[in-house]
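A quick write-up on the structure given underneath.
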Amino acid sequence: MDTPAPSHQPDHAPSNEPELTTADAPTAAHYRRLLIILVVASVLWRIVRYAVAMPIWGDEAFLACNFVMRGFAGMIKPLVYGQIAPLGFMWANLAATKLFGLSEWGLRLVPTLAGITGLLLFVRLARQVLWREAALMAVGIFAGSYYIVRHSVEIKPYSFDLMFSIALTVSAWGVLCRPDRWSRWAVLTLLAMVATWCSYPSVFVSGGIGLVLTYALLSGQLGRKAALGWFTYGVLLCGTALAMYVLYAKPHAEAVAHSALFEDPASWARTFPDISKPWTLPVWFFREHLGTMFSYPQGGSAPRSAATFVLFCVGIVRLWRTKRTLVLLLLSPFLLNFVAAAMHKYPYGGSQRVVQHLAPAICLLAGAGLAVVLERFVKAEKLPSALTVASGILIAICIGGIVMDIVHPEKSSRVRRRDQAIRELVGETGPGDKWIVFNSTKRVPYAPYLGDWHGRGAVFVFDSLRWLKNKPEFAPPPDSISREPGQTVWIVAVYANREKGIKFPEDQWSAYVEAARKHLGGVPEHEEFIIKRQFDGAGNPIILESLRVYRFNPS
């Protein structure tokens, strides 16, 4: 157990676990072994998930298209398909694809490395600020959290959100503990500036750090000499954030507002607190905090994550007595995120992926809460055994995750069949063949809109872009279809009945193919790659998802 700091010391001063006695040393060594096993198991889980190369899913595909269609300068412009991602992440991932190709491994390398780095940084943070039992539980919760691992091995910036959140917190704690070290101020300031360009929600963390530093300065915890570091940090952070917003984030947000490809912003409405109706806030508060936002290590929609939230609150109460500044540091991003949500600028909860920057604080405080509960209800002589059992359960979660990723390296059998169908179709395509995709990337009167097919259409677009030697044309006017002498032309239609009522436009498809036939001549060969089907009550097949193809061979 850590002890309260002496009255003449600030509450943020280092107060690690007490000096170990000879009798206590074996227990401490046992805890260290458990900690190492947890970290190794979690790293191995990430590596296995990365190695099995799960088929790319819709959200990943929309973002991944940018790495095929854009260079470094092109990433500064609004991204294709209405994507929102920070420039630092896009540049880092593009560099990886330039070096290692557009395979699943090349595309997910940077996020995976960021996820592993985040884990190691979290271990350092937990050991710095918590007593050993609590640090062990916090690391275990973090290591065994499915959503943290999942989002660390995806072609999305969520692992950057996590990594920079932890790195900023570690650096800020270093400054609070030794405000006389100018090198620590320099590292924190530089890190906050870089994070602004690499992770959008990092501004909640770096902004929260600014609030805590202000509190520490005004309360006399930092000393007068630290005022220069505080001022420099604030000015450079605000200047960097403003420049990033004006030059990059704002144009991208405006482009997305005019894009019909992506989900309606109203879909996030439930995550925005309605401060104009304060009587609704308690229900909103418990719905968000007992739901997926707190699914560490496991959980789900409210109230399935209630246990983690209770442990989180217990951890706050325990640390508030001895490390009040630490609690403020961990909770400040929640406050700023709440303010942004109240302004309808950024969601608060609703999905694990958008609040990865809050995951470190949740795991850290829940770990402290779990340690407090065990210390309170388990006899002292049995506490090591109880902690060993808890660690064993969390290790088992990691091992179970590894096994599941090996046995089922895809989200569903439909994903696997879709991947196989696209690969098979591309395999039949010659190097000089031409692809014309019936689905359009914008709304036109003669073809269906790709956005109606959501992620399933995005996967097809990305795979065709990265695998075909000749890039496909998307829904050109049928009268403009042509080919080079001796060239085979493929007309491909994507059909995915994702939403009830979305049916394949048979009349448009027939008219499009007939118009193409007039220009290309001959009788096309028809083929269909069925991905998903079901049968009605009479036993007749109903196609739910497929690739429809007409091939015009040269005469």
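The values are calculated or read from the model by the stated rules, or taken from the named source; none is laboratory data. Predicted model only: the values in this text are computed from it and were never measured. Positions of Cβ are generated from backbone atoms using ideal geometry, with glycine treated the same way; all protein chains shown enter the neighbour counts.
General observations
- Scanning region 488-507 for residues that are modelled with pLDDT of 90 or more and touching a Pro at 6+ places or on another chain (Cβ under 7 Å) turns up just one, THR488.
- Search result, residues across region 396-442 that are surrounded by fewer than 13 Cβ atoms within 10 Å (Cβ to Cβ) and outside any helix (DSSP H, G or I): LYS411, SER412, GLY430, PRO431, GLY432
- Hey, ALA143 of a type in the set (A, V, I, L, M), buried (at least 24 other Cβ atoms within 10 Å of the Cβ) and at pLDDT 95 or above or not: yes
- One residue stands out among those in region 262-279 that are modelled with pLDDT of 90 or more and within 16 Å of GLY349 (Cβ to Cβ): the one that is nearest to the chain's Cα centre (by Cα), which is PHE272.
- The condition of being at negative phi, assigned by TED's automatic domain parsing to the domain that holds ASP419 and touching a strand residue (DSSP E or B) at 6+ places or on another chain (Cβ under 7 Å) holds for only one of VAL523, VAL513, that being VAL513.
- From the options GLY239, GLY210, GLY229, GLY220, residue that is more than 21 Å from the chain's Cα centre (by Cα) and at positive phi: GLY220
- Close pairs from region 279-292: first touching a residue at least 24 places away in the same chain (Cβ under 8 Å), partner part of a helix (DSSP H, G or I), Cβ under 6 Å, at least 6 apart: HIS289/PHE309; THR292/GLN352
- Selection within region 310-330 - touching a residue at least 40 places away in the same chain (Cβ under 8 Å) and within 28 Å of PHE272 (Cβ to Cβ): VAL310, LEU311, PHE312, CYS313, GLY315, ILE316, LEU328, LEU329, LEU330
- Among the residues of region 75-108, those identified as loosely packed, with under 15 Cβ neighbours inside 10 Å and either under 16 Å from the mean Cα position of the chain (by Cα) or over 22 Å from PHE460 (Cβ atoms) (or both) are LYS77, ALA95, LYS98, LEU99, PHE100.
- Qualifying residue in region 460-468 (condition: at positive phi, at pLDDT 85 or above and not in a helix (DSSP H, G or I)): no
- ARG417 passes every criterion in (1) closer than 30 Å to ARG466 by Cβ; (2) of a type in the set (D, E, K, R); (3) assigned by TED's automatic domain parsing to the domain that holds ALA216 apart from (3).
- Across region 489-508, a minimum of one residue is classified as surrounded by 12 or more Cβ atoms within 10 Å (Cβ to Cβ), farther than 22 Å from ARG418 by Cβ and of a type outside the set (Val, Ile, Thr).
- With respect to the stated conditions, ALA241 fails to be assigned by TED's automatic domain parsing to the domain that holds THR325 and within 22 Å of ILE116 (Cβ to Cβ).
- Single residue of region 443-455 satisfying the filter (within 33 Å of the chain's Cα centre (by Cα) and in a loop (DSSP other than H, G, I, E, B)) that is surrounded by the fewest Cβ atoms within 10 Å (Cβ to Cβ): ARG443
- Restricting attention to region 184-233, the residues that are buried (at least 18 other Cβ atoms within 10 Å of the Cβ) and not small (Gly, Ala, Ser) total 22.
- Test: residue in region 86-94 that is in contact (Cβ under 8 Å) with a residue 40 or more places away in the chain and under 30 Å from ILE316 (Cα atoms): no
- Spans of helices (runs of 4 or more DSSP H) in region 128-225 with at least 3 residues out of contact with any Phe, Trp or Tyr (no Cβ under 9 Å at 6 or more places or on another chain), assigned by TED's automatic domain parsing to the domain that holds THR292 and within 30 Å of ILE397 (Cβ to Cβ): 132-143, 158-177
- Lone qualifier among ILE436, ILE397 - being among the aliphatic types (A, V, I, L, M) and assigned by TED's automatic domain parsing to the domain that holds SER510: ILE436
- Region 237-261 - residue that is outside any helix (DSSP H, G or I) and surrounded by fewer than 17 Cβ atoms within 10 Å (Cβ to Cβ) and, of those, modelled with the lowest pLDDT: ALA260
- Residue that is nearest to ILE116 (Cα to Cα), among those in region 30-60 that are modelled with pLDDT under 90 and part of a helix (DSSP H, G or I): ASP59
- Any hit, region 91-100, residues being farther than 30 Å from LEU394 by Cα and part of a loop (DSSP other than H, G, I, E, B): no
- Qualifying residue in region 306-321 (condition: at pLDDT below 95 and either more than 27 Å from GLY401 (Cβ to Cβ) or in contact with a strand residue (DSSP E or B) (Cβ under 6 Å, 6 or more places away or on another chain) (or both)): yes
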